[in-house]
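Here's the structure we're looking at; comments come further down.
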Amino acid sequence: MSKNKERLLSLIALVVLAFAINFAEKNLDNYTLRILNLGAIYTTLGVSLNLIFGFTGQFSLGHAGFMAIGAYTTSLFIMPPMYKEMSFIIEPLIWPLSVIQLPFVVALLLGGVLAAVAAIIIGLPVLRLRGDYLGIATLGFAEIIRVVSNNIPQVTNGALGLKGIPGYSNLWWTVGFAVLTIFVIKRLIASSYGRALMAIRENEIAAEAMGVNLTYHKVMSFTVSAFFAGIGGGLLASLLTTIDPRAFMFVMTFNVLIVVVIGGLGSITGTVMAAFLFNFFLEYLRPLEQGFNIGPLAFPEIPGLRMVTFSLLLLIVIIFKQDGLLGEIEFTWKGFFSFFDRFRSAEGGKM
């Protein structure tokens, strides 16, 4: 299949996606829209974490820290000055943040840029570590960001957090940035930089012997990952309309890590599927805690049963699909049409 044909098919797919988003925004209820928005945001977060963890092989647990930077930055720049004055009751917000208000997309990108700058600062010394040591160091960074945000009330409003954040996040924004994240990271992986990142993942010593600059490529991967994590944090803040330091505890990074592992390390398509399935099951398993019937058997209300069931489902997937939902299979138009050609051939053989 030619490149021009693939581009045309991708353009058609984007148009269809736009019509689907328009239909969903006009016809679906707020609850369903919220789940879809969360799925799209987790797609951005999962694909960005997969860049540093799945493709580069660096075990990073600092995603929640970058999300916090993006969330607070975006929120402070999109909140009207009047709301800021009402929210900051312990100490007033410092100038000029107290009077600045920016367009949503500008604030989002600024949040991503600040998260990327933080990634460069922390990445240069930390990415010299490997394995569990790197994971502990990046986890420490995320906790530092959370503790600092809890203790600078003149910027973050401390433990009270920010309330009254404008709810700009909708499917146009969340899905749009998810598509942008996939496009950028997929193009990066397909380039010479991507091959260098995967060489680092397989064997750092061999990659360095072939001329790959380990520090440069690791920091670049870490920075791009943090940029999109910051944007994901900003989208999440605008969706929830309220944030506080507790929202960015380790469990947030853990949730994104689950999406990456279930989707498959190094699999963008699998990560997208896992992001939506993760949020779908988390929400639609809620009735289990309210009691249910299976034939003549009546089960009482059991608090926490939803998470137990969800954990069991995750355990089953990890045991039987250790490479993730799709393994190393990635969506391509050529593979898409080949699948249907094989399916039609199989059906024709049976007849």
>> Quick check: residue separation of residue 120 and residue 302 times 0.36 nm, minus the Cα distance between them. What number comes out in nm?
In response: 60.9 nm
> Where in segment 231-248 is the amide nitrogen less than 20 Å from a point lying 7 Å along the Cα-to-Cβ axis of residue 86?
Replying inline: 237-244
> So for 321, 3, 84, fewest C-beta neighbours within 10 Å to most, what's the order?
Replying inline: 3, 321, 84
> In Å and whole numbers, how far do the C-alpha atoms of segment 62-156 stretch along each principal axis, longest first?
Replying inline: 47, 28, 17
> Taking only DSSP H segments of four or more residues, each worth -39500 (n - 2.57), what value at 222 nm results for the chain once the sum is divided by all its residues, to the nearest 500 deg cm²/dmol?
Replying inline: -23000 deg cm²/dmol
>> Defining a contact as two alpha carbons under 8 Å apart and six or more residues distant in sequence, what relative contact order in percent does the chain show?
In response: 28
>> Give me 83, 72, 31 sorted ascending by neighbouring Cβ count inside 10 Å, so fewest comes first.
In response: 31, 83, 72
> How big is the Kirkwood radius of segment 28-268, worked out from every pair of different alpha carbons and given in Å to one decimal?
Replying inline: 18.0
> Cα to Cα, under 19 Å, and not fewer than 8 places away if on the same chain: which lysines meet these conditions relative to residue 334?
Replying inline: 3, 5, 186
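Quick note: the coordinates plus some simple rules give every number you see, no bench work behind them. It should be emphasised that the depicted structure is a prediction, and the values quoted were computed from it without experimental measurement. Don't worry about glycine lacking a Cβ; one is built from the backbone with ideal geometry, like all the others, and counts go over all protein chains shown.
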